[in-house]
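Structure record follows, encoded as structure tokens.
The values are calculated or read from the model by the stated rules, or taken from the named source; none is laboratory data. Predicted, not measured: the structure shown is a model, and the values here were computed from it. Glycine gets a Cβ as well: all are built from the backbone with ideal geometry, and neighbour counts include every protein chain shown.
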């Protein structure tokens, strides 16, 4: 099962690896600035949907780990700890995301923050091994055992699970941090 689709629009822009890394760094700086100096109560207070900033950070972390698995040819569901869910074709993103949130909701904030930051460091190590050309190889080049063949460039998943995903969640952060 192919987890996620390429993010529309952004993958059409042709990034060099250097440009991609700069965009990732710039967005991560915005995320870090948004949470800087906030106390634990603020970062763990749930919004109307039940999600806190901490939950969003944990969510971003697990999807980034799935991206690392994609790029390393490992099982994405296994990297996310959701093998059992993805075997059922009916499992949608909302269900997967809710299961993931339930699994980490009781983790302490400092652990979630550490894993959020470590996952980015780990991903940068994986991306360091890729060339500009590798960014535009098909998804199936990296996941040959994940049928059917997917010809879409892997850059869409990189964008969609790094700065594209963080920019999407920044909107929720802002609402939660305003209280």
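Please go through the stretch 137-147 and give me each residue that is touching a residue at least 24 places away in the same chain (Cβ under 8 Å) and surrounded by 13 or more Cβ atoms within 10 Å (Cβ to Cβ), ordered by number.
Passing the criteria: 139, 142, 143, 146.
Looking at (1) more than 22 Å from residue 28 (Cβ to Cβ); (2) surrounded by 12 or more Cβ atoms within 10 Å (Cβ to Cβ); (3) at pLDDT 90 or above, which is the only condition residue 133 fails?
(2)
Take residue 60 and decide whether it is modelled with pLDDT of 95 or more, outside any loop (DSSP other than H, G, I, E, B) and under 21 Å from residue 175 (Cα atoms).
yes
Go through 28, 45, 23, 101 for me and flag whichever is within 13 Å of the chain's Cα centre (by Cα) and surrounded by 13 or more Cβ atoms within 10 Å (Cβ to Cβ).
Residue meeting the stated conditions: 28.
Collect the residues in the stretch 20-47 that are assigned to a helix (DSSP H, G or I) and free of Cβ contacts under 8 Å to residues at least 40 places away in the same chain, keeping them in residue-number order.
22, 25, 29, 32, 33, 41
Got a sec? Which of 161, 150 is buried (at least 18 other Cβ atoms within 10 Å of the Cβ) and in contact with a strand residue (DSSP E or B) (Cβ under 7 Å, 6 or more places away or on another chain)?
150
For the stretch 104-113, name all the residues that are surrounded by 11 or more Cβ atoms within 10 Å (Cβ to Cβ), modelled with pLDDT of 95 or more and not in a loop (DSSP other than H, G, I, E, B).
Correct list: 109, 111, 112, 113.
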